[in-house]
Amino acid sequence: MDKKRHISIIGSTGSIGTQALEVIDKLRDKFEIIALAGGNNVELLKLQAEKFKPKYIYAAKPVSVSGVKTLESLDEIAENRENDIILVACSGKIGLKPTLKAIENGIDIALANKETLVMAGDIVMKKAKECGVKIIPVDSEHCAIHQCIKDISQVDKLIITASGGPFLHKTIDEIKNATVEQTLKHPRWNMGKKITVDSATLMNKGLEIIEAHHLFGFDYDDIEVVIHPQSIVHSAIEYKDGSVIAQLGLPSMHIPIQYAITYPDRFEGIKSRSFSFSEIARLDFEKPDFEKFPTVKLAYQAGKTGGTATVCLNAANEEAVFAFLAGKIKLYQIYEITKKIYDGHEAVKNPSVDEIFEVDEAVREKTRQYINKLI
Ligand code: MG
C-alpha cells in the first residue's frame with residue numbers, strides 16, 4: 001500500500017465492524033475512512049465517528065455528528081468512487097444490494113457478510129468478474145483458503161475446518177435440550193448471536209460450504225468439512241499432487257479482517273503475540289457427525305440444487321434462530337423447522353435479485369407462521 005487506502009465500513013457497530021476499527025486504529029497511516037454505516041446503535045456510531053472522523057455516516061435511525069455529513073442510504077456509500085474498498089460487515093440480507101452496487105462502481109469488497117454469497121453467489125461473482133473487482137473474504141475459513149491458493153487450477157479440493165461449537169461431544173438429548181445460554185457460549189470465537197447459534201447447530205459451516213463454492217468455483221463434492229476443535233488450522237487446500245497447504249493462526253478475527261482490508265500487503269498491525277507450535281502442542285481432527293448435526297447435509301443438498309434453494313435455507317434457518325433466541329423453540333427444532341420449510345420449497349433456477357428478495361420474504365413469512373402454529 002504505497003498510498004492511503006480509502007475505506008468504508010458497512011456495519012461498523014457490529015462484531016466485525018468494531019474489530020475492523022481496532023485494526024484500522026493500529027494502522028492509522030494506512031487508511032482514510034470515507035464512511036461508517038451502523039444499524040440501530042447510533043450511540044456507538046457517534047463515538048466511532050468522533051474518533052475516526054469519516055467524511056460520511058449512515059445509520060438506520062436519525063444520527064448527526066458535527067463535521068460529518070449524514071447520508072440517506074447505504075447506496076450512497078456503495079456508489080461513492082472515492083472508496084478503494086468497502087468492508088461489508090453487516091449481517092443479514094441488507095448487505096446484498098450495496099455490495100452489488102459497489103461492485104458495479106468498480107470498488108473492491110472485503111466480504112464478511114455471508115448472506116451476500118449464500119443468497120446471490122452466482123450473480124455477485126459474475127458481476128465481480130465482469131467489473132474486474134476483487135472480493136476478499138473476511139470469514140476466517142475462506143480467508144485461509146484465499147491465503148493458501150497460488151494457482152487455483154492445480155487445486156483438487158478445499159478442506160474447511162469447523163470448531164464443532166459448544167455441543168461437539170454432547171449427546172443428541174443434550175443438544176435437543178440446550179438452553180440459549182449454553183448455546184451462546186462458544187468455546188473459541190467471540191461473535192454475534194446469530195452466527196454463534198449457527199456455529200452450535202453447524203449451520204454456519206453449511207453456509208460456509210455454499211460461500212466457498214461461489215468464491216472459489218469448486219463443486220460441492222470437492223469441498224470437505226473437518227472438525228478441528230482448537231481452531232488453529234483455519235482451513236486448507238489439497239493440490240492435485242497430494243500436497244496440502246493450510247493456513248494457521250491464533251483464533252482472532254483481527255487477522256482475517258486485517259488481511260482482507262490490507263491485501264495483498266501485510267503489516268504487524270494488531271497482532272497480539274507470536275504463534276508458538278510448542279505452546280499449542282496438539283491439533284486434533286475428526287469427521288463431522290451428520291446425524292447429530294444434520295444441518296451440514298441440508299446445506300450440501302441446497303447448494304447442489306442451487307437457485308433459490310440456498311435463499312430458502314438461509315431465510316428459514318434465520319427465522320428459526322430468531323425464534324430460538326426468543327425462547328420460543330428448542331435448539332434442535334431450528335434444524336427440523338428449516339428442513340420442513342426447505343422440503344416444501346420449489347427452487348427457482350437463475351433467479352434475479354428481485355426474485356431472490358421475494359423468495360426470502362415469502363419463506364420468512366411461511367417459517368414464522370409455521371413456528372407460531374408449533375408453539
Ligand atoms: Mg467462519
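The values are calculated or read from the model by the stated rules, or taken from the named source; none is laboratory data. Only a predicted model underlies this, so the values are computations on that prediction, with no experimental measurement involved. Neighbour counts are summed over all protein chains in view; Cβ atoms, including those assigned to glycine, are modelled from backbone coordinates with ideal geometry. Note: accessible area is taken over every heavy atom of the protein model, side chains too, but ligands, DNA and RNA are not part of it. Shrake-Rupley method; radii C 1.70, N 1.55, O 1.52, S 1.80 Å.
Below are the figures for this structure:
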item	result
Among (1) open to solvent by less than 30 Å² (accessible area, probe 1.4 Å); (2) under 30 Å from Ile329 (Cβ atoms); (3) within 14 Å of the ligand (Cβ to nearest atom); (4) touching a residue at least 40 places away in the same chain (Cβ under 8 Å), the one test that Tyr220 misses	(3)
Residues (within 11 Å of the ligand (Cβ to nearest atom) and either in a helix (DSSP H, G or I) or out of contact with any Leu (no Cβ under 9 Å at 6 or more places or on another chain) (or both)) located in the range 157-168	Ile160, Thr161, Ser163
Of all residues in the range 137-156 being more than 16 Å from the ligand (Cβ to nearest atom) and polar (S, T, N, Q), the one that is surrounded by the most Cβ atoms within 10 Å (Cβ to Cβ)	Gln154
Unmet requirement for Phe324, which otherwise passes all of (1) touching a Leu at 6+ places or on another chain (Cβ under 9 Å); (2) in a loop (DSSP other than H, G, I, E, B)	(2)
Filter result for the condition that a residue is assigned to a helix (DSSP H, G or I) and within 24 Å of Val321 (Cβ to Cβ), over Leu96, Leu100, Leu45	Leu96
All positions within the range 268-303 that are open to solvent by less than 60 Å² (accessible area, probe 1.4 Å), assigned to a loop (DSSP other than H, G, I, E, B) and touching a residue at least 60 places away in the same chain (Cβ under 8 Å)	Gly269, Ile270, Pro288, Lys292, Phe293
Near pairs, Cβ below 6 angstrom, 6+ apart or cross-chain, from the range 122-145 (closer than 28 Å to Val348 by Cα) to any residue that is in a helix (DSSP H, G or I) and more than 16 Å from the ligand (Cβ to nearest atom)	Lys127/Ile103; Ala128/Ile103; Cys131/Ile103; Val133/Ile103; Ile135/Ala128
Single residue of Ala236, Ala212 found to be within 16 Å of the ligand (Cβ to nearest atom), more than 28 Å from Phe322 (Cβ to Cβ), open to solvent by less than 20 Å² (accessible area, probe 1.4 Å) and not basic (Lys, Arg)	Ala236
